[in-house]
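The values are calculated or read from the model by the stated rules, or taken from the named source; none is laboratory data. Everything quoted here is computed from the prediction, not taken from an experiment. Cβ placement follows ideal geometry from the backbone for every residue including glycine, while neighbour counts extend to all protein chains displayed.
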Amino acid sequence: MAVPSYAGPVERTWYYLYRLMCAAIFIFLIAPILVVIPLSFNAEPYFTFTPEMLSFDPKGYSLRWYADIINNDQWIHSIKNSFLIGIASTVVATTLGTLAALGLSRSELPAKRLIMAVLISPMIVPLIISAAAMFFFYSAPFGTSFALTQTYTGVILAHAALGTPFVVITVTATLVGFDKNLIRASNSLGADSVTTFFRVIMPLILPGVISGGLFAFVTSFDEVVVVLFMAGFEQRTIPRQMWAGIREQISPTILAVATLLICLSTILLATIELLRRRNERLRGVTY
Amino acid sequence: MAQMTETADRILTTADGTPLKQALARATRRNKIRAFILVAPLLAFVLVSFIIPIVDMLARSVDNPEVQAAIPETVALLKDWDGTGLPPEPVFAALAKELSDKSKRSEIGRMGARLNYEDSGFRSLLNKSQRRADKVTSGPYKEGMIAIDADWGKTSVWKTIQLTAPSTTFSYYLNALDRTYDENGNIVMQPEWKQIYVHLFVKTIYVSLGVRIACLLLSYPIAYLLATLPASKGNLLLILVLLPFWTSLLVRTTSWIVLLQTNGVINDTLVWIGIINDANRIEMIYNMTGTIIAMTHILMPFMVLPLYSVMKTISPNYMRAARSLGANPLVAFVRVYMPQTIPGVGAGSILVFILAIGYYITPALVGGQDGQLISNFIAYHMQKSLNWGLAAALGAILLAGVLALYWLYDRIVGVDNMKLG
């Protein structure tokens, strides 16, 4: 979209103004994320650039906040928790979600709209309401004294429920371009439905399943409201620890953790992007 | 067809001799069941782990067992009281007996907490009466109870107990709408100093609308740029939108604290440039400004992406046609291009509004005193004041609003068209 050769001076000025405006908006989007990274190497316990940092004096920089994460049992514990809870809930959400998406993509399924509405409801209901409701219910499910609050099982189940809509939506979208004749071909060649699933369907929808799984993982990995309500001290995750850090004992260690999380999200973004392109290529949509 | 079925030998059959119609019906049924079996595990999981808790919470917002559980006999006798003067002697006798029952201590404590929502003072009245009720062992009980606390001689106290006795109540909802029952059971406004929730709901709606408009104003230009640039450049810039989208919410909130604090990066820069002096640093965080800035940043990708996906499908030929027919660029853009982006604007707006209206984390961390929204009060009643009935009622009202908006979203965009990433 270059300036057309017939553009007058007003249009030209507007064109550059518009580009400038867009640049400013992009800076608004990305700057808050980038600013954290250099600050996490601050040698002083401040949340802002010190004169030493601005003059690029090596003395102004240090890795002490990263060392702080490694030497702090609470942070290490919360990192382990985040991965444990994230992976466990992703496995539950992805397995159930993929099966359901396969069912939903069949035209024979009765009451499809209603089922879809129920399945994606965890995504629509505001988190604070989900968290409150789950806290009430999990502390005494069906009136029994078998409390799931303050247990790993409880947090994992809650996070799995929150993650399933993303898997259902992503995998269903992948299945839209799925050629049903491949299943018929496989069946006619003598494969039973389990073999067909693992040898024919699964390899083709795998990118969708993986990106759905990543969405579910990020949902759990980034989730703090349910953890605030349901988890005990033992189940503290990274976001919960950051929450405590921001509210109680503010220190640049949080910035170091934030930097690590930004690296992680960059990797996740790249993975999703590659999978999406592969999926579109398979469907014949090319750039 | 009718002719065919008349003669038995001409009915179409499958290889094993079953009529084709029957075989088809059976196959269809089997397919239906198969499809359902695939969906069933997740459906059951979501129902048990999510839908039932929500329904359970909704039930809690009208559930009112406390008074009934603590003093059942008194409540039963109080039913026949006409509400004038004081209840008859047997009611006082039952109350004295039930309050002195040591095994019901915790029930009476809960009843005190419940009645305190209606009228503060009940908790201390009940605590005091519970300690001394065992001294009132013989009549006249009325005088005995009034001797413990003169409040027992007030008609309004008894009326409140009578009104709060039924096992379901709307009083939490009334409370959530700044209303309450007066002593005659009429719905009246709360005293002025207790009216916070209607104002809070209105404030939450205004903030969500504000965030929505800010998101739209900021997203429209860049979505247009992304959609009109060549794909390779556009995809590169799209990463600048997607990276914030994938970055942890708490990281982004932390970043805004770092930037906006009084000793933060922006204030430091402004002081260094000399626009403001060191004493007059701008308060940009821990107030409404901070909430709106951070929420706009966090929710912007939800506006950019739907806009982008709609704009991507609009052919540039329409604009060219408008220009060639003599429209100046502005007219062409407003009259030809913008109307075509309405679906994207609608989808993004509703999505951002839905997300904003239930936002909790960001206002809680950067909102300070006046940046708190309805979600923060739900959390407050869940965790601090422990008025769970009120938390549930506030949640139910919020949920109703969100579901209505969602229904609208479904009408405009269709849930099936929801795209991620």
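Any residue in the stretch B:296-315 that is at pLDDT below 90, more than 17 Å from B:I361 (Cβ to Cβ), within 35 Å of the chain's Cα centre (by Cα) and facing chain A (nearest Cβ under 7 Å)? Within the stretch B:296-315, none of the residues are at pLDDT below 90, more than 17 Å from B:I361 (Cβ to Cβ), within 35 Å of the chain's Cα centre (by Cα) and facing chain A (nearest Cβ under 7 Å). Within the stretch B:222-239, the residues that satisfy the criterion of being surrounded by fewer than 14 Cβ atoms within 10 Å (Cβ to Cβ) and more than 9 Å from every other protein chain (Cβ to nearest Cβ) are B:K233, B:L236. Reported count of residues in the stretch A:234-258, each being modelled with pLDDT under 90 and not in a helix (DSSP H, G or I), is 5. Tallying residues that are within 17 Å of B:A379 (Cβ to Cβ) and surrounded by fewer than 24 Cβ atoms within 10 Å (Cβ to Cβ) within the stretch A:138-167 yields 2. Going through (1) touching a Pro at 6+ places or on another chain (Cβ under 9 Å); (2) part of a loop (DSSP other than H, G, I, E, B) one by one, A:S145 falls short only on (1). Contact map, the stretch B:24-43: first residue at the interface with chain A (Cβ under 7 Å from one of its Cβ atoms), second residue of a type in the set (S, T, N, Q) and part of a helix (DSSP H, G or I), Cβ cut-off under 7 Å, separation 6 or more or different chains; pairs are B:L42/A:T164.
Considering (1) of a type in the set (A, V, I, L, M, F, W, C); (2) surrounded by fewer than 16 Cβ atoms within 10 Å (Cβ to Cβ); (3) within 26 Å of A:F135 (Cα to Cα), the lone condition that A:V226 does not fulfil carries the number (2). Within the stretch A:82-101, being more than 9 Å from every other protein chain (Cβ to nearest Cβ) and surrounded by fewer than 22 Cβ atoms within 10 Å (Cβ to Cβ) holds for A:F83, A:L84, A:I87, A:A88, A:V91. Here A:F135 meets each of (1) touching a Ser or Thr at 6+ places or on another chain (Cβ under 7 Å); (2) at pLDDT below 90; (3) closer than 27 Å to B:L386 by Cβ with one exception, condition (2). The single residue among B:M288, B:M295 that is surrounded by fewer than 22 Cβ atoms within 10 Å (Cβ to Cβ) and closer than 23 Å to B:D370 by Cα turns out to be B:M288.
Residues are listed down the side, and each one gets a yes or a no for (1) more than 10 Å from chain B (Cβ to nearest Cβ); (2) outside any helix (DSSP H, G or I); (3) buried (at least 20 other Cβ atoms within 10 Å of the Cβ):
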position	(1), (2), (3)
A:A31	no, no, no
A:E44	yes, yes, no
A:K80	yes, no, no
A:G103	no, no, yes
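Among the residues of the stretch B:260-285, those that are crowded, with 21+ Cβ neighbours inside 10 Å and either more than 7 Å from chain A (Cβ to nearest Cβ) or at pLDDT 90 or above (or both) comprise B:L260, B:N267, B:I285. Applying the criterion of being of a type in the set (S, T, N, Q) and without any contact (Cβ under 8 Å) to a residue 12 or more places away in the chain to the residues of the stretch A:68-117, the residue that is farthest from A:V155 (Cα to Cα) is A:S107.
What residue, of A:M230, A:M242, is at the interface with another protein chain (Cβ under 10 Å from one of its Cβ atoms) and of a type in the set (A, V, I, L, M)? Explain how you work it out, then say what you get.
Working: A:M230 fails: at the interface with another protein chain (Cβ under 10 Å from one of its Cβ atoms).
Only one candidate qualifies: A:M242.
On the stretch given as the stretch B:367-381, residues that are assigned to a loop (DSSP other than H, G, I, E, B) and either at the interface with chain A (Cβ under 10 Å from one of its Cβ atoms) or surrounded by fewer than 23 Cβ atoms within 10 Å (Cβ to Cβ) (or both) total 5. Reported count of residues in the stretch B:208-238, each being out of contact with any helix residue (DSSP H, G or I) (no Cβ under 9 Å at 6 or more places or on another chain) and either β-branched (V, I, T) or not in a helix (DSSP H, G or I) (or both), is 1.
When you scan the stretch B:247-254, do you find a residue that is under 25 Å from the mean Cα position of the chain (by Cα), among the polar types (S, T, N, Q), crowded, with 16+ Cβ neighbours inside 10 Å and assigned to a helix (DSSP H, G or I), even just one? Looking through the stretch B:247-254, at least one residue is under 25 Å from the mean Cα position of the chain (by Cα), among the polar types (S, T, N, Q), crowded, with 16+ Cβ neighbours inside 10 Å and assigned to a helix (DSSP H, G or I).
Among all positions in the stretch A:143-155, there is at least one residue which is without any contact (Cβ under 8 Å) to a residue 12 or more places away in the chain, over 24 Å from B:R411 (Cβ atoms) and under 24 Å from the mean Cα position of the chain (by Cα). A count restricted to the stretch B:310-336 and to residues that are touching a residue at least 24 places away in the same chain (Cβ under 8 Å) and surrounded by fewer than 18 Cβ atoms within 10 Å (Cβ to Cβ) stands at 3. Give me a count of the residues in the stretch B:122-172 that are of a type in the set (G, A, S), in a helix (DSSP H, G or I) and crowded, with 16+ Cβ neighbours inside 10 Å. Of the residues in that region, 4 qualify. All conditions in (1) among the β-branched types (V, I, T); (2) modelled with pLDDT of 90 or more; (3) not in a helix (DSSP H, G or I) hold for A:V155, with the sole exception of (3).
Yes/no per residue for (1) among the small types (G, A, S); (2) at pLDDT below 90; (3) buried (at least 18 other Cβ atoms within 10 Å of the Cβ); (4) touching a Gly at 6+ places or on another chain (Cβ under 8 Å):
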| residue | (1), (2), (3), (4) |
| --- | --- |
| B:E192 | no, yes, no, no |
| B:H199 | no, no, no, no |
| B:V202 | no, no, no, no |
| B:G210 | yes, no, no, no |
| B:Y220 | no, no, yes, no |
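Against the conditions (1) farther than 26 Å from B:I350 by Cβ; (2) in a helix (DSSP H, G or I), B:T262 satisfies every one except (2).
Can you tell me which residue is surrounded by the most Cβ atoms within 10 Å (Cβ to Cβ) among those in the stretch A:269-278 that are in contact with a helix residue (DSSP H, G or I) (Cβ under 6 Å, 6 or more places away or on another chain) and within 9 Å of chain B (Cβ to nearest Cβ)? Spell out how you get there, then give the answer.
Here is the first cut: in the stretch A:269-278, the ones in contact with a helix residue (DSSP H, G or I) (Cβ under 6 Å, 6 or more places away or on another chain) are A:269, A:272, A:275, A:278.
Checking which are within 9 Å of chain B (Cβ to nearest Cβ) leaves us with A:269, A:272.
Values: A:L269: 19, A:I272: 21.
Within the stretch A:269-278, the match that is surrounded by the most Cβ atoms within 10 Å (Cβ to Cβ) is A:I272.
Of note, B:L398 does not satisfy the criterion of being of a type in the set (A, V, I, L, M, F, W, C), loosely packed, with under 15 Cβ neighbours inside 10 Å and touching a residue at least 40 places away in the same chain (Cβ under 8 Å).
Yes or no, residue by residue, for (1) within 9 Å of chain B (Cβ to nearest Cβ); (2) closer than 28 Å to B:N376 by Cβ; (3) modelled with pLDDT under 90:
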| position | (1), (2), (3) |
| --- | --- |
| A:P110 | yes, no, yes |
| A:V118 | yes, no, no |
| A:A131 | yes, yes, no |
| A:S139 | no, yes, yes |
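Let's see how each residue does on (1) at pLDDT 85 or above; (2) crowded, with 19+ Cβ neighbours inside 10 Å; (3) among the β-branched types (V, I, T); (4) in a helix (DSSP H, G or I):
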site: B:S49; (1), (2), (3), (4): yes, yes, no, yes
site: B:M57; (1), (2), (3), (4): yes, yes, no, yes
site: B:D82; (1), (2), (3), (4): no, no, no, no
site: B:A113; (1), (2), (3), (4): yes, no, no, yes
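Restricting B:A332, B:A322, B:A364, B:A356 to residues that are part of a helix (DSSP H, G or I) and either at positive phi or away from every other protein chain (no Cβ under 13 Å) (or both) narrows the list to B:A322.
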